[in-house]
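Down below is the structure, laid out as structure tokens.
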Amino acid sequence: MTSRAYDVLAGAPDSPVLLHVPHSSRVIPPDVRDGILLGDAELDRELDHITDAHTAEIAAVAAAAAGSTPWQFVNRLSRLVVDPERFPDEREEMVAVGMGAVYTRTTHRAALRPTGFDPTPLIDRYFTPYAEAMAAAVAGRLESTGRAVIVDVHSYPTGPLPYELHGEGPRPPVCLGTDAFHTPPALLDAAREAFGGFGGLATDTPFAGTYVPLSYYGKDPRVSALMIEIRRDVYMSEPGGPAGPGARALGSALAALVDSVPPHPSA
């Protein structure tokens, strides 16, 4: 078991695209595991539900197939350690169900960590360095190409889980999460074209928004972002089962999206 928090996998020097894979890992360092209340079998089941299984492999297929290799930022630890895509403060609506930057409740709203658990050590050890490294990766794309295009790669279960705050909406095979400031229409249109062959797609349902490091969020229009949420029955057995042929097809679609992004802002 590794405690390495993330990997930055280099792409082509002139590629502005950064594939971000935050939730694909099941790895929990032993000392963090000690603070989780679940037994081993319960924890395995929780990881089945909460992990965006095989999304790192889908991103890897895309990186290998794309004409210009995108960069990849891959979380190597489970989101049960910290969730790098949550706000670390009261701005995070998921705090209401115990799933802020450090989760205290499970997908089924059972206790994950003890009452009064102090998240600060995990924030300091994992969340903050991850955020800083992701911001540095974006800065590298801006310096090299004049822009950065973050494509967040996620998955979600076919049926809603009790923790979901907005689980009553449509659950299409592919959901495209957008941000009013950071998602340009051309990027969204390219994603619709690339992922149009999986039986349907929708925007911002059941999950909305996309990830941009806070140092750029709402401030720098050179940073574009889009979230790809894939319904798990499209490519794997649920929950926590093996990937099927849909995973490679999705990787190819993601490669098509990558290749639709011009290397420079003026291209």
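Just so you know, all these numbers are worked out from the coordinates, no wet-lab data involved. Model, not experiment: these values are computed from the prediction. Please note: Cβ atoms are built from the backbone with ideal geometry, for glycine as well, and neighbour counts cover all protein chains shown.
What's the FRET efficiency of residue 90 with residue 168 using the Cβ-Cβ distance as r and R₀ = 25 Å, to the nearest 0.05? Could the numbers behind the result be given before it?
Values: r = 25 Å, r/R0 = 0.99.
Rounded to the nearest 0.05, the efficiency is 0.50.
Ignoring everything except DSSP H segments at least 4 long, calculate the 222 nm mean residue ellipticity for the chain; use -39,500 (n - 2.57) per segment, divide by total residues, nearest 500.
-8000 deg cm²/dmol
Among the DSSP beta bridges whose two residues both lie in the chain, what percent are antiparallel, rounded to the nearest 5? Provide the component values of the computation, followed by the final result.
Numbers: 11 of 31 bridges.
Approximately 35 percent, going by the DSSP bridge assignments.
Below 8 Å, C-alpha to C-alpha, sequence gap of six or more: please give me the relative contact order for region 1-105 in percent.
Taking the mean separation of contacting Cα pairs over the length of region 1-105, I get 41 percent.
Show me the trypsin sites (Lys or Arg not before Pro) within region 82-143 that DSSP assigns to loop and that have at most 14 other Cβ atoms within 10 Å of their Cβ.
91, 109
Find out how many positive minus negative residues lie around residue 223, taking Lys and Arg as positive, Asp and Glu as negative, among other residues whose Cβ is under 14 Å from that of residue 223.
Spelling it out: positives minus negatives among the neighbours equals 0.
Given axes a ≥ b ≥ c from the Cα gyration tensor, I'd like to know whether region 109-224 is rounded (a/c under 1.5), prolate (a/b larger than b/c) or oblate.
It is oblate, given that a/c is not under 1.5 and a/b is not larger than b/c.
In whole percent, what relative contact order does region 186-260 give with Cα contacts below 8 Å and a gap of six or more residues? Write down the numbers at each step before the final one.
On the way: 43 pairs, mean separation 25.1, N = 75.
That works out to 33 percent.
At what distance in angstrom do the alpha carbon centres of region 226-259 and region 1-58 lie from each other?
Cα centres, region 226-259 to region 1-58: 16 Å.
Where in the chain lies the longest segment free of GluC sites (Glu not before Pro) that are both loop residues by DSSP (not H, G, I, E, B) and have at most 11 other Cβ atoms within 10 Å?
Values: sites that count: 90, 168.
Value returned for the longest uninterrupted segment is 169-267.
Once fully extended, how much extra length lies between residue 217 and residue 31, figured as 0.36 nm per residue of separation less the alpha-carbon to alpha-carbon distance?
63.7 nm is the gain from fully extending residue 217 to residue 31.
About the Cα centre of the chain, how large is the charge dipole given +1 on each Lys and Arg Cβ and -1 on each Asp and Glu Cβ? Please answer in debye to the nearest 20.
The dipole of the chain has a size of about 280 debye.
When only Cα pairs under 8 Å and 6 or more residues apart are kept, what is the percent relative contact order across the chain?
Taking the mean separation of contacting Cα pairs over the length of the chain, I get 25 percent.
To the nearest Å, what is the center-to-center distance of region 153-172 and region 101-123, using C-alpha atoms only?
Comparing the Cα centres of region 153-172 and region 101-123, I get a distance of 21 Å.
Who wins for biggest fluctuation among 55, 203, 120 in a Gaussian network model of the chain, springs between alpha carbons below 10 Å?
In the Gaussian network model the winner is 120.
Only Cα pairs within less than 10 Å get springs; with that Gaussian network setup on the chain, which residue of 242, 170, 129 has the largest fluctuation?
In this elastic network of the chain, the residue with the biggest mean-square fluctuation among 242, 170, 129 is 242.
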